[in-house]
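Working notes, structure below.
The values are calculated or read from the model by the stated rules, or taken from the named source; none is laboratory data. As the structure is a computational prediction, the values presented were derived from the model and not from experiment. Here the Cβ positions follow ideal geometry from the backbone for every residue, glycine too, while neighbour counts run over all protein chains shown.
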Amino acid sequence: MSLAVVRCPACEGASHVASDAIGQMVGCPHCQSPFVAAEDAPEAPLPSRAGSKPPRGRPARTEPRPAAVIPIAPPRQSRNEPPRESPREPQSGSEPVLVTEVTDPEHDPHTPSVGGLPASVLVGFALMPFGIPLLWFVGPLLAGKEASLSIAVPVSLAVAAAALCLGVVYTIDWTAATRIKGVLMLVGLAYLTAAGLYFLKKDLMDRIQGFFRQSNEWGWVHARDGRWRVKMPRPAWPDEQRPLTVLGPESEARWARYVPESQPEQNYEYWFIVGAPDPDAREISSGGFGLVREQTWFACVGEQLKGKGGELVTVEPITYPPSLEANGRQWTFKIENGKTFRIVRVFAIKGRVYYLSAEGPGLTPDDEELAKPFFNSFEILPPKKK
């Protein structure tokens, strides 16, 4: 870069400046006065005689050494050169201001929000979850089964999903594409949840409700084939427990919990299980098994009950009901440090094995409120006429 000599008109001091700064405002490095840079033409030297001296009373003029000027205006740029940004000077008495580049200006919170969607689109998104109750009505035609839950469940799900969709739509710092994706995800999850609730088994739902709901009401529990019934605390739901091997894999079981109103801190549990047709039970109920073999069979049942834990208190034969001359046994066990008792009755009636069990704190077979309503209500029903 070539340099030119310019002279300050205020102090007549010479200084250097870049050649492309000629014609621009600069500052004098000697007196700090601004002036327009103009190239200083060198003066022609006066002819002097050899050995001549300067006039008396006038000192010899010495030219000061040129210094670099302070540019005030930026230099002119050529057309082909891209503009260059000058660093921002911090103000006196304040911290330097850092200017950073926004990598994603579309999501910059300082920029104006993205324009809203049309009203028709917003209403359409809000109404999409309300198709769930409609599918709940046509579900029996498509799936061939009724829903285990009431219509209030899909309506509540649709209202909640619609509220969430509106919340996503009116999120101002999201782009339109992001909001549409969020709404579609919420709608998809709502429909999948509705499908899972529709095909939820009623047995599983009753079991879940039983753990969180206390009951002190009794009601009849009937067999699926209508061959027996028994009174149990409501609700009574199916159970997969098989405490005896003689019950077989195709057993039908019910389980219930009872909480007395006078003792709300006490819980009593009841089981009723019917085993598949058993050859040995058929022989016992018909009397062809023999007394010795009958006692042996019930002894084996008692050993299986002991394997569940607890101390055996009593065991006694019992016939119920007398009209059927059904043979049975009743066992009483003491469990949980003697505070809880388990009473078990097993009958062999018409080739089937019936298992009745009740347990709770201080329970006895003669308890009018906790034991007799369960054990004495069991009965075999006559076959239905076709």
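For the reader, a short list of remarks on this structure follows.
- Lone qualifier among Leu363, Leu356 - being assigned to a loop (DSSP other than H, G, I, E, B) and touching a residue at least 40 places away in the same chain (Cβ under 8 Å): Leu363
- Matching residues in the range 244-276 - criterion: being more than 17 Å from Glu336 (Cβ to Cβ), surrounded by 15 or more Cβ atoms within 10 Å (Cβ to Cβ) and acidic (Asp, Glu): Glu252
Listed here are the residues, each with its yes/no results for (1) at pLDDT 80 or above; (2) exposed (fewer than 14 other Cβ atoms within 10 Å of the Cβ); (3) assigned to a loop (DSSP other than H, G, I, E, B).
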site: Pro9; (1), (2), (3): yes, yes, yes
site: Asp20; (1), (2), (3): no, no, no
site: Pro45; (1), (2), (3): no, yes, yes
site: Ala50; (1), (2), (3): no, yes, yes
site: Lys53; (1), (2), (3): no, yes, yes
site: Gly57; (1), (2), (3): no, yes, yes
site: Glu63; (1), (2), (3): no, yes, yes
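- Test: residue in the range 151-171 that is under 17 Å from Ala194 (Cβ atoms), in the same structural domain as Ala195 (by TED's automatic domain parsing) and either modelled with pLDDT under 80 or not in a helix (DSSP H, G or I) (or both): yes
This table checks each residue for (1) out of contact with any helix residue (DSSP H, G or I) (no Cβ under 9 Å at 6 or more places or on another chain); (2) at pLDDT below 90.
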{"position": "Gly338", "(1), (2)": "yes, yes"}
{"position": "Ala348", "(1), (2)": "no, yes"}
{"position": "Ala358", "(1), (2)": "no, no"}
{"position": "Ala371", "(1), (2)": "yes, no"}
{"position": "Phe375", "(1), (2)": "yes, no"}
{"position": "Phe378", "(1), (2)": "yes, no"}
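- When Phe199 is tested against (1) at pLDDT below 85; (2) surrounded by fewer than 16 Cβ atoms within 10 Å (Cβ to Cβ); (3) touching a helix residue (DSSP H, G or I) at 6+ places or on another chain (Cβ under 9 Å); (4) farther than 30 Å from Tyr258 by Cα, just one condition goes unmet, and that condition is (4).
- Residue match in the range 315-335 (condition: farther than 19 Å from Glu379 by Cβ, outside any strand (DSSP E or B) and either modelled with pLDDT of 75 or more or of a type in the set (Ser, Thr, Tyr) (or both)): no
- Of residues in the range 353-377 being of a type outside the set (Asp, Glu) and over 45 Å from the mean Cα position of the chain (by Cα), the one farthest from Thr340 (Cα to Cα): Val353
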